[in-house]
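Visitor: I'd like to ask some things about the structure below.
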Amino acid sequence: MIWSAGILLIIAQLGGATPLTRRWDDVAVKHSWVELPHGWEVHSSAPADYKFDMRVALKQDKIDALIANLWETSDPTHERYGQHLTPAEAEALVAPHPDSREAVNAWLQHHGISPENIAYSSGGGEWVTIRVSVAEAERMLDTKYNVYHHKSSSERVVRALSYSLPRELHSHIDVVTPTTYFGTMRSMRATSFLQPIEKEEALDKGFSINAAVPSSCATAITISCLRGLYNTTSYVPAATNVNKLGVAGYLDEYANRADLQTFFKNYRTDAVGSSYTTVLVNGGGDDQNDPGVEANLDIQYTTGISYPTPNIYYSTGGSPPFNPDDFTPTNTNEPYLDWLNALLNSTTIPQTISTSYGDDEQTVPQDYAVKVCNLFAQLGSIGTTAFFSSGDNGVGGSTCNTNDGTNKKIFQPSFPASCPYVTTVGGTTKVAPEVAVSFSGGGFSRYFAQPSFQASAVSTFLSSLGTTYSGLYNATGRAYPDVAAQGNGFRVIIGGSINSVGGTSASSPVSLRDLHVRD
């Protein structure tokens, strides 16, 4: 073959040259919405000089190895069952590849952000936080930020309908936030609700270990009912100097200590005088003059049935209303990220923890959902089980219409309930027999594949369905709930008075406690 002198010269120059200059202007869409997420409307343009914390999630170099480890150590039939990773070992697996760090740092420097100005990097280095203005973020992400208003919750957030990244970074970055995920704790659904109490009730003084569960438990759930139903009446928790239970609280929901003592006097007299620890996350509070329904429900029943196991209540600050005249640092981050990162960087992590909020899976960008789900995998890999309520909307919340422009009506799974690395809890009611409660959420994920351990149970269930509801659900998706427990008529003390509370929000702490005491 004859080579021309010109071609040889070019090859020689390329061989001795430094790497080609990166093309930061060659961008491609990372995520976009076809239409504005349900319930939101444009309020105004976001002021160019409004500043917020932008989080860049780098791809985790060995996340597949972490997930494989999680499945092995969670399988009672596997030889590695219970051999959890240390936090340092888990961080090593979720750390990004050095090439990803270098590429992202170069991109940030291109936009005038040097490594020393990175505000925060998580333990594994996969989450990088920088403080930017709206104008800077729009240039970096080739997007337009607006202030959006959620009509039912009155929440206002700074978000975009799409964002882009240089093509070179698509293999290094999983997601950037806040961008296209509109969910906030106030716009998401809490999974509990107050119920009427039809008549005056006598205080519950418990019942004999060998006695049948009283018929009153069919409509009014107390600690004694749960201990009897789930056969823990005679159980005495062990290793209370090591084991801990956690409850994640949001939305300025405060667990009240005075109400807890009243609850103990009524329903668990041997626990009177005991309490729980409150951990404040990202500006969370502990207002003892403002007892929360959700918070009191969770903490009264976790402490009530697990006594004397220590309980931790995580009070996580929420997003304040957007104020265009206030350019001081504010929290514009989405749910779970602050709490999850704080928990994973904590020296004390409970073995079991419960959270009772969720949203339609389709309202969460898939790359964001996967990233958050992987954080739960990391939590599980070090030996912590995260429980989520399955939701109170059956097979779908809101209108069940798709948001891809087709407006097709299908069953709508809930997130994070659909994440395969959490234990999702449905609701039951009545006794002898105990049956599913009408509002209990359940379904199949459209984002996450079905784990192999679900195959047999799902196959049996689908065979019983036949063609019923065909086309309305994803038969190959992760199925949920995983377990179920009582979720109706819980007696809760709020402001000194007895109230009835229902919802799968009640079921999740019950399952958390039942698993924990059996461990």
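Visitor: Can you give me the number of residues within region 393-433 that are of a type in the set (Asp, Glu) and buried (at least 22 other Cβ atoms within 10 Å of the Cβ)?
Guide: Residues of region 393-433 of a type in the set (Asp, Glu): 404.
From what is left, the residues that are buried (at least 22 other Cβ atoms within 10 Å of the Cβ) are none.
Of the residues in that region, 0 qualify.
Visitor: Would region 54-71 turn up any residue that is part of a loop (DSSP other than H, G, I, E, B), out of contact with any helix residue (DSSP H, G or I) (no Cβ under 9 Å at 6 or more places or on another chain) and either among the hydrophobic types (A, V, I, L, M, F, W, C) or under 27 Å from Ile349 (Cβ atoms) (or both)?
Guide: Here is the first cut: in region 54-71, the ones part of a loop (DSSP other than H, G, I, E, B) are 59-62.
Filter once more, keeping what is out of contact with any helix residue (DSSP H, G or I) (no Cβ under 9 Å at 6 or more places or on another chain): none.
No - not one qualifying residue is present in region 54-71.
Visitor: Another question, if that's okay. Residues of region 240-276 being among the aliphatic types (A, V, I, L, M) and open to solvent by less than 50 Å² (accessible area, probe 1.4 Å), which ones? Working first, answer last.
Guide: Taking region 240-276 and keeping what is among the aliphatic types (A, V, I, L, M), we get 242, 245, 247-248, 251, 255, 258, 260, 271-272.
Passing the criteria: Leu245, Val247, Ala248, Leu251, Ala255, Leu260, Ala271.
Visitor: Hey, does region 197-210 have a residue that's surrounded by 16 or more Cβ atoms within 10 Å (Cβ to Cβ) and at pLDDT 90 or above?
Guide: No: region 197-210 contains no residue that is surrounded by 16 or more Cβ atoms within 10 Å (Cβ to Cβ) and at pLDDT 90 or above.
Visitor: A further question follows. Conditions first: (1) under 18 Å from Ala103 (Cβ atoms); (2) at pLDDT 95 or above; (3) within 26 Å of the chain's Cα centre (by Cα); (4) open to solvent by 10 Å² or more (accessible area, probe 1.4 Å). Leu141 passes all but one, so which condition is the exception?
Guide: (4)
Visitor: Within region 349-377, which residues are of a type in the set (S, T, N, Q) and open to solvent by less than 10 Å² (accessible area, probe 1.4 Å)? Show your work before the answer.
Guide: Taking region 349-377 and keeping what is of a type in the set (S, T, N, Q), we get 351-352, 354-356, 362-363, 366, 374.
Thr352, Ser354, Thr355, Ser356 - these are the residues of region 349-377 that are of a type in the set (S, T, N, Q) and open to solvent by less than 10 Å² (accessible area, probe 1.4 Å).
Visitor: Which residue pairs have Cβ atoms closer than 8 Å, lie 6 or more positions apart in sequence or on different chains, and pair a first residue in region 32-50 that is closer than 24 Å to Lys408 by Cα and polar (S, T, N, Q) with a second residue that is assigned to a strand (DSSP E or B) and open to solvent by less than 60 Å² (accessible area, probe 1.4 Å)?
Guide: Here the result reads Ser32/Ser162; Ser32/Tyr163, each pair linking region 32-50 to a residue that is assigned to a strand (DSSP E or B) and open to solvent by less than 60 Å² (accessible area, probe 1.4 Å).
Visitor: Name the pairs whose Cβ atoms lie under 6 Å apart, with the first residue in region 157-174 and on the phi < 0 side of the Ramachandran plot, the second buried (at least 22 other Cβ atoms within 10 Å of the Cβ) and among the small types (Gly, Ala, Ser), and 6 or more positions between them or separate chains?
Guide: Val158/Ala46; Asp174/Ala57
Visitor: Look through Arg101, Arg55 and report the one residue that is open to solvent by less than 70 Å² (accessible area, probe 1.4 Å) and under 22 Å from Lys30 (Cβ atoms).
Guide: Step by step, each of Arg101, Arg55 is checked, and only Arg55 is open to solvent by less than 70 Å² (accessible area, probe 1.4 Å) and under 22 Å from Lys30 (Cβ atoms).
Visitor: Criterion first (assigned to a strand (DSSP E or B) and not charged (D, E, K, R)) does Ala432 satisfy it?
Guide: no
Visitor: Still on this structure, I have one more. Give me a count of the residues in region 277-312 that are open to solvent by 40 Å² or more (accessible area, probe 1.4 Å) and part of a loop (DSSP other than H, G, I, E, B).
Guide: 10
Visitor: Let me ask something else. May I ask you to list the residues in region 391-436 that are among the hydroxyl-bearing types (Ser, Thr, Tyr) and under 25 Å from the mean Cα position of the chain (by Cα)?
Guide: Going through region 391-436, the residues among the hydroxyl-bearing types (Ser, Thr, Tyr) turn out to be 398-399, 402, 406, 414, 418, 421, 423-424, 428-429.
Answer for region 391-436, where residues must be among the hydroxyl-bearing types (Ser, Thr, Tyr) and under 25 Å from the mean Cα position of the chain (by Cα): Ser398, Thr399, Thr402, Ser414, Ser418, Tyr421, Thr423, Thr424, Thr428.
Visitor: Could you tell me which of the residues Arg167, Arg131 is of a type in the set (Lys, Arg) and either buried (at least 17 other Cβ atoms within 10 Å of the Cβ) or in contact with a Pro (Cβ under 9 Å, 6 or more places away or on another chain) (or both)?
Guide: Numbers: Arg167 fails: either buried (at least 17 other Cβ atoms within 10 Å of the Cβ) or in contact with a Pro (Cβ under 9 Å, 6 or more places away or on another chain) (or both).
The conditions single out Arg131.
Visitor: Taking Phe448, is it more than 30 Å from Thr347 (Cβ to Cβ), outside any loop (DSSP other than H, G, I, E, B), touching a strand residue (DSSP E or B) at 6+ places or on another chain (Cβ under 9 Å) and among the aromatic types (Phe, Trp, Tyr)? Let's see the steps before the verdict.
Guide: On the way: more than 30 Å from Thr347 (Cβ to Cβ): yes; outside any loop (DSSP other than H, G, I, E, B): yes; touching a strand residue (DSSP E or B) at 6+ places or on another chain (Cβ under 9 Å): yes; among the aromatic types (Phe, Trp, Tyr): yes.
Yes.
Visitor: Can I ask one more? Answer yes or no as to whether Asn323 is modelled with pLDDT under 85, open to solvent by less than 40 Å² (accessible area, probe 1.4 Å) and in a loop (DSSP other than H, G, I, E, B). Quick ask: steps written out before the conclusion?
Guide: Values: modelled with pLDDT under 85: yes; open to solvent by less than 40 Å² (accessible area, probe 1.4 Å): no; in a loop (DSSP other than H, G, I, E, B): yes.
Answer is no for this residue.
The values are calculated or read from the model by the stated rules, or taken from the named source; none is laboratory data. Everything quoted here is computed from the prediction, not taken from an experiment. Quick reminder, even Gly has a Cβ in these numbers, built from the backbone with ideal geometry, and neighbours come from all protein chains shown. Each accessible area value is taken on the protein alone, full model and side chains, heavy atoms only, with ligands, DNA and RNA left out. Shrake-Rupley method; radii C 1.70, N 1.55, O 1.52, S 1.80 Å.
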